[in-house]
Every structure is written in structure tokens, then in C-alpha cells.
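Contents: one structure, followed by commentary.
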Amino acid sequence: MMKKVLFLFVNLLFCCTFIHAQDVKKSDLQQKAEAVDPQKNIASARSLYIHAFNDYVNKGQIRQGVECAVKATALYYKENFWKEAFDLLRRADQAVSASKLPVSERAAAHYLCTKERIQMYMKLRKSQSVKDQLNLMESQASQTDDETIKNDLLYNKAIYYYTFGMNAQGNAVFKEMADKLTSSKEFDKVDEVYQTLIANGRKSNNANMVAQSYSNYLAWKDSTSAIKHADEIAALKKQIAENETAIEERDSSLTTRWIIIVGLGILAAALAAALIVGAIILMRFIFLTRKQKKVIKLANESNALKAKFISNISAQLEPTFKKLDSRQPEVKALLDFSNHIQTLSELENTPDDAIQLEDTQVQPFCEGLMDEIRDKVKSNVNLTVNAQKMSAPLYKEYVTHILRHLLENAADYTPEGGNIHLEFKKRGPHSYQFLVSDTGCGIAEERREDVFKPFLEIHDLTEGDGLGLPICKQMALKMNGDLEIDPQFTKGTRFILDLHS
């Protein structure tokens, strides 16, 4: 059981190992093979994959042919047709050797065949044959000079050792793989692999394996926590340095400047202390419990406490900020930033609080919001509302906040002679949509998801803190809805607010 799950995890984690620079369209034969359910008609699926393999080889598309041959092989030995399975892999290897592919691509294709052959030897419990194939895979991986394939090789080595009871060697290989991912700061991947190993040990009733995996997991968590905290503190220091520079350039009042700097220093120290306290609490509970479920629960509670602590710090600094001259842009920006942090924290910490819906006449509601921005748009900007004369159950406070923010953004970014459009659609008996579109400069595709995430970038607070859209996103989620950017709209930007009553 552990071997099967580990192989499945490897395929998910390191899929697309052999993808070319440009995707090749699948042939009709391969598409037909993939459409057949092997549970219902394994012979038909296998036959189609073999035909697809022959067709690809005849066309010189060796990589695609090898992939089809590997899939057909798995369907052979699933019914214990071992000779046919080995013969098909041998044919695939011959096709690769006879091809004119570069050495690295031939080695990558051979690697696929050898990897499938290892799975058969493992099922047949032939330890020496598996070891011989692993040596061959190591040679093939070195010829590809592909780091992803080398990582995949480490997984297969670990699986070999664990399958045949060599836990110490398996742990050593697995540690090598974990160290490589950790050095590149791919912490989530390593964490997921450790969780998989622990789960596999439990399913196979291997108490020794569970104990070793969990012990290694705790040790790894210790080392990565220090790395993460160091990175977070370095990021805070960088942000403080940049904020200090911005304040010195823009603030003519020495007293005000130092008050702000001291306030930011206190906030940074409090954040750093919160991270350290949170880490100590988390590690203390990890060492006190051996139950994975409780560890995850305590980690979530610690994160919630840190978020609440940050909100409290913001609230405590607000009275001090209000004593400053709010006419200065920097002071006003800090006050707005403090309020936005509190709002965002409240939304994140109360996801399950009930909200009260009320029937709202949609058309006058939309027209009223559009009227609010008429004096804020540039000349000759056309404002239109398209809403049915009907009522809908809405949580007006949040919906008003979201649509007002989107319309004000549209007013800022829409040039003279442009268009701003607010539309309402009923999508089902209990589903509704508000769409806000403009003909401004638009948002780059690679930034569309990041605009809803807070604190990803360092902002000049006098020009905005970047928390407006994250707050709107949280409000939408709290109403059992969502807020997204329409990827199909290319003449500017269109936001879609989905609501479900």
C-alpha cells in the first residue's frame, strides 16, 4: 500500500517531466484510448494505446509513443500478462534507440520505460532486478541533466528501500530529497511528502515507519521554522528601511517624522515578537503531541492569534496617529492603513458570523452608486447602468462597499471619453452577479490573482496600501460569494461579484 501511494504522489508532484517547449496535439487514437474506462473494458483501452504507440513511432513522434506504450504496459501487467508487458517496453526502448532524438531526449524517454519496468519488478518482488534497473535509471538521469528527473530518481530509490524493508537507506535517500527541496525553499512540497509518508505508515500498520517519519518531520519543522522566521524578519527590516526613506523625503516636520518612525519601529518589533512567540507556542505543542491532527489544529489557532495580535497593535497605535496632523499625507495614509488592517483582520477572524440579508430594489440601488462617482470621472466618460427592475436579497453594507470601491477605481483609471458600466444579472433562483467594467489600462494577466492578496508588495502608503481589493474579496467570501477578474474581458478591466443567497 505504501509503495502504491508513494508512486501516485511522485507522479502528481513531478508530472510533466518530459514536456517539450511546445505542446503536441494528441492523436485521435490516443484520445480514443483515454476515453475508454479500463475498469469496464481494459482490453480495448490497451489495444488503442498500442495502436497509438505504433502510429506515433511511424510519424517520428517518439516521446508521445513511449507515453502510450507505458500506459498499455500498465494495463498488461494489471491482468498478469507479464511477458507481453516486458515485450512492449522492449519495443519502446528499441524505437527510442533507433530514433534521431538528441542524447538527452533519448535518455529521458528510456527513463520512462525503465521506471515502468521497475514497478513490474517490485510487484514480482525481484529485489535484485529492481536494483539493476535503478542503476540504469541513474545513468539515464545523468544524461538528461534534468533536475526534475534527478528528484524523481531519489523518490524511486526511497520507494525501493522502503518496499524491501531497508528503512535506514530509505530514510537517507528521502532526507537527501527533502534537503534539496528545503534548500530551494519549497517547504510546502516537503511538508506534503512527510504527511504522505506518515499516512502510509499508518495504513500499512508499520509502527516503526510512522515513528521514524514523524521524528524526521519534527526535526525538519524545527530547521525550517528558523529559516522562515529569518526571511520574515528580513522582509520586515527591508520594509522599515524603505518606509523610513520615504518618510524622510516627504515629511518636513522633524517631530512628526520621528513619531512615525518610532511608531513603525514599535509595530515592527511587536510583529517580530509575535512571530517569535507564535513560533515558540507552535513548537511547544508540536513536541507535546504525537497526533498530526492536533498539530495542524494548533498551528491554525496560532495563526489566528497572530492575526488578532496584529489587529490589536494597529488599534493601539491609532490614538497616537490621531494626535498627529492629519492634514499631512503621510499621517492620513498611516491612519487609513491602520483602519484597513483592522477591517481585514475582523473579516478573516469572523468567517462564520451570520449576516442579515434584506430585499433590495436593484435598479435604484445600482443607479445611486453610479451617481456617487459622476463628479469623480474624467471628461466625456460615459456611465451606464444595466439592471432589471426586481428585488434581490443582499447584505447591503458589504455589497455597497465592494461596488463603491470598484466604481471609484474605475473612475481613477478610465481615461477621457471612456466607458464605465455597472450590470446586474440573475444567474439562478438564488444566484446573482454584479459586473463592473471600464475601458482603462487593464490589469496584467500575471497580476490578476495577486491583487486580491494583501501584503505581497511594499506600497507608498500615500498612494494607497493595496488592501482595498483584499478587503472586498473577504467581504464577498463572507457573503458565500466571490470576487474575481473576468479573464475574457480584454478592453479594460471587468470585475465579477458572485452572490448566493
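Any read-out appearing in this document is the output of simple, stated calculations on the displayed coordinates, not a laboratory observation. All figures in this text were calculated on a predicted structure; none of them were measured in a lab. Positions of Cβ are generated from backbone atoms using ideal geometry, with glycine treated the same way; all protein chains shown enter the neighbour counts.
Along region 436-441 the Karplus relation, 6.51 cos²θ - 1.76 cosθ + 1.60 evaluated at θ = phi - 60°, assigns HN-Hα couplings of 10, 10, 9, 10, x, 6 Hz to successive residues, with x for each Gly and Pro. Here the extension length gained between Gln388 and Asn58 equals 112.8 nm, from 0.36 nm per residue of separation less the Cα-Cα distance.
I'd like the distance separating the alpha-carbon centroids of region 109-173 and region 89-108, in whole Å. What the calculation gives is 19 Å, centre to centre.
Taken about its Cα centre, region 369-438 carries a charge dipole of roughly 380 debye when the Cβ of each Lys and Arg holds +1 and the Cβ of each Asp and Glu holds -1. Straight-line cross-link reach from Lys237 at under 19 Å between alpha-carbon atoms covers these aspartates and glutamates, not counting any fewer than eight positions away in the same chain: Glu248, Glu249, Glu457, Asp460, Asp465. For the listed residue pairs Lys126/Lys221; Lys40/Lys123; Lys26/Lys78, the alpha carbons are over 30 angstrom apart in Lys126/Lys221.
Label-to-label distance, Asn419 versus Thr224, with points set 7 angstrom from Cα along the beta-carbon direction: 4.9 nm. With a Förster radius of 35 Å applied to the C-beta separation of Ser104 and Ala199, the computed FRET efficiency comes to 0.45.
Computed packing ranks the peptides 487-499, 423-435 as 487-499, 423-435, most packed first, by mean other Cβ atoms within 10 Å. What the phi angles of region 69-75 give under the Karplus curve with 6.51, -1.76 and 1.60, with θ = phi - 60°, is a coupling list of 4, 4, 5, 5, 4, 4, 6 Hz, glycine and proline written as x.
Dipole of region 326-481 computed with +1 at Lys/Arg Cβ and -1 at Asp/Glu Cβ about the Cα centre; of Gly417, Ile402, Ala392, farthest Cα towards the positive end is Ala392. Couplings for region 167-180, taken from phi via the Karplus curve 6.51 cos²θ - 1.76 cosθ + 1.60 with θ = phi - 60°, read 5, 4, 5, x, 4, 5, 5, 4, 5, 4, 5, 4, 5, 5 Hz in order; Gly and Pro are left as x. Label positions at Glu79 and Ser142, each projected 7 Å from the Cα along the C-beta direction, are separated by 4.1 nm. If R0 is taken as 22 Å, the Cβ-Cβ distance between Asp486 and His430 corresponds to a FRET efficiency of 0.50.
Please identify which residues in region 26-70 have an amide N closer than 12 Å to a label point set 7 Å out from the Cα of Ser97, following the Cα→Cβ vector. Taking a point 7 Å out along Cα→Cβ of Ser97, no residue of region 26-70 has its backbone N under 12 Å. Using R₀ = 22 Å, calculate the FRET efficiency as 1/(1 + (r/R₀)^6) where r is the Cβ-Cβ separation of Gln239 and Ser183; round to 0.05. Between Gln239 and Ser183 the formula returns 0.30. Per residue, the convex hull spanned by the alpha carbons of region 84-186 comes to 93 Å³.
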